[in-house]
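Contents: one structure, followed by commentary.
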Amino acid sequence: MYFYERIKHVGLFAGILLMVFGIIFLTAPGRVTEFLAIFVGAVITVFGIFRIITVAMRWQAFVNRVPMFIFGLVLSIIGIFMLFNPNVTLGFVGTIIGIIAIMLAVDRFVTANSLKETINPLPTIISGLIHLIFGIGMIYSAIVIFSVIIVLIGIYLLVSGVMFTLSALFFQDY
């Protein structure tokens, strides 16, 4: 029981923090989405700059130094562009996710066609339709779909925060 009393505050803090993030995700999904897009741009920019500095400082040590330097430069330029154009970033990422989802839908439909003689293909077809609808939605309107995903994450974070807090306060199972 002594150990539990020592970590109870950690559970309370984690629960409250999750609830705060959940509320932020629920009340401002557009801003959270924009922040995440800018964050991705910042990470790519930092990685590009890191690559440029690494190659420049150890120029003689790298065999493929010119392509590696150009790669770092291109990453930096793309990252900076993404920093100042979060909607383009979301559109690009959303399009890639949409294409992958459509490819998965095609896979499900082909699998359903090959399984139709042995088992009921309806669940596989339904899975393919879900992938297809999601893929088309992502390609058509990535920003809206991302906002819906952010809201769902917000609901999850809020519920998780409540469960953490209740566990720490009453159930003592944290």
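The values are calculated or read from the model by the stated rules, or taken from the named source; none is laboratory data. Computed from a predicted structure; not experimentally measured. Here Cβ is always computed from backbone atoms with ideal geometry, including for glycine, and neighbour counts include all displayed protein chains.
What to note about this one:
- Failed criterion for residue 105 (all others in (1) more than 20 Å from the chain's Cα centre (by Cα); (2) surrounded by 15 or more Cβ atoms within 10 Å (Cβ to Cβ); (3) modelled with pLDDT under 85; (4) within 30 Å of residue 131 (Cβ to Cβ) hold): (3)
- If you go through the stretch 27-52 and keep only what is over 20 Å from residue 86 (Cβ atoms) and touching a residue at least 24 places away in the same chain (Cβ under 8 Å), you end up with 51, 52.
- Residue in the stretch 119-174 that is nearest to residue 23 (Cα to Cα), counting only those that are among the hydroxyl-bearing types (Ser, Thr, Tyr) and in a helix (DSSP H, G or I): 156
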